Structures are given as C-alpha cells and as structure tokens.
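Presented below is the structure to which this report refers.
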C-alpha cells in the first residue's frame, strides 16, 4: 500500500485480519489510485480530521447502491466524494491541478486481483476545497452454500 494512504483504525484492523468487504476494497483502491495521482498529499479513508497534514485528500462514500442480477451476481455502485484540502488555501493553481489530476486520472482501480471502474466523475471547488464526485462499479458473485446445494454437490455424479 502507498505510504501516503492513511486508513482509519477500523479499516486497518480489517486489513490486518484479511476481512475486507467489497466497499473496503473499493475505498482502498480509490485511495491508492488518488495517492498515485497526488503524490504530495496524504490520503485519508476516514472522516475529515483537524490534525491532517496538508495537502490532504479525504476519500469516502456518500451512497452505496446494490442491484441483484441473475446467477447470484450483485452489482454495486459506490457514490464517492474526494475532498482535497490544499497546502495553500489561496492557490487556485493547486486546486485546479488537483481537480484535473483526479478527474483525468481516475478510471481503472486495481486492487489485488480485482479491478473496479470509475464512471461519471465531476469536479468542483467549494469553500476552497476541491471535490471530485463519481461512481465506482463493482460486481460480486455469491457462491451458494445452503443445504440443498451442499446435498446436490454430494449426490451429483458425472
């Protein structure tokens, strides 16, 4: 993981235990990609903190949508917000540069053996903070393990 990515305490525990969920993996993939695009910024996955070292980027979700598909396939859409706090709050150049780097560079988000895709990005500056919002799509295949499936596995002969 990039040294500039600063996961919150709960996410660190899940990362160490190997119990990451799809939202956790998408969040970390987004943070990793953003850290690569803005190497001078610390990238935080938790809520905005008063003690953050500037420049700082805060990564979070504002919504999670799930659609169940056929064959135990779930499609998730994660609405994300990246909030960039510049080192110099008076620098329009720094804010524009961060908006451009994130808006043009975020597309494919690799994480371990998976890859997520960013759709519909938008950038704006509000109160001297640059915000990039967008959607990340992720698919999850659930393997059924109910008693009928287990019984069928044992009784089927090929």
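Which residue is nearest to the chain's Cα centre (by Cα), if the candidates are limited to region 62-100 and must be within 11 Å of residue 132 (Cβ to Cβ) and surrounded by 18 or more Cβ atoms within 10 Å (Cβ to Cβ)?
Among residues in region 62-100 that are within 11 Å of residue 132 (Cβ to Cβ) and surrounded by 18 or more Cβ atoms within 10 Å (Cβ to Cβ), the one nearest to the chain's Cα centre (by Cα) is 80.
Within region 1-23, how many residues are out of contact with any strand residue (DSSP E or B) (no Cβ under 9 Å at 6 or more places or on another chain) and within 12 Å of residue 59 (Cβ to Cβ)?
Matching residues across region 1-23 total 1.
Go through the residues of region 51-61 one by one and say whether even a single one is surrounded by 15 or more Cβ atoms within 10 Å (Cβ to Cβ), in contact with a strand residue (DSSP E or B) (Cβ under 9 Å, 6 or more places away or on another chain) and in a helix (DSSP H, G or I).
Step one: of region 51-61, the residues surrounded by 15 or more Cβ atoms within 10 Å (Cβ to Cβ) are 52, 55-60.
Among the residues that remain, those that are also in contact with a strand residue (DSSP E or B) (Cβ under 9 Å, 6 or more places away or on another chain) are: 52, 55-60.
After this cut, where a residue has to be in a helix (DSSP H, G or I) as well, the list is none.
Scanning region 51-61, I find no residue that is surrounded by 15 or more Cβ atoms within 10 Å (Cβ to Cβ), in contact with a strand residue (DSSP E or B) (Cβ under 9 Å, 6 or more places away or on another chain) and in a helix (DSSP H, G or I), so the answer is no.
Return yes or no: is residue 129 more than 25 Å from residue 3 (Cα to Cα), touching a residue at least 12 places away in the same chain (Cβ under 8 Å) and over 15 Å from the mean Cα position of the chain (by Cα)?
When the stated conditions are applied, residue 129 does not pass them.
Within region 94-138, can you find the residues that are farther than 17 Å from residue 78 by Cα and outside any helix (DSSP H, G or I)?
Matches in region 94-138: 112, 113, 124, 125, 126, 127, 128, 129, 130.
In the list 67, 52, 83, 56, which residue meets the criterion of being at pLDDT below 95 and either closer than 26 Å to residue 6 by Cβ or touching a helix residue (DSSP H, G or I) at 6+ places or on another chain (Cβ under 6 Å) (or both)?
Sole residue among the options that is at pLDDT below 95 and either closer than 26 Å to residue 6 by Cβ or touching a helix residue (DSSP H, G or I) at 6+ places or on another chain (Cβ under 6 Å) (or both): 52.
State all residues of region 11-43 that are crowded, with 21+ Cβ neighbours inside 10 Å, closer than 14 Å to residue 80 by Cβ and touching a helix residue (DSSP H, G or I) at 6+ places or on another chain (Cβ under 8 Å); if no residue qualifies, say none.
Within region 11-43, 27, 28, 33, 34, 43 meet the criteria.
The values are calculated or read from the model by the stated rules, or taken from the named source; none is laboratory data. Predicted model only: the values in this text are computed from it and were never measured. Backbone-built Cβ (ideal geometry, glycine too); neighbour counts: all protein chains shown.
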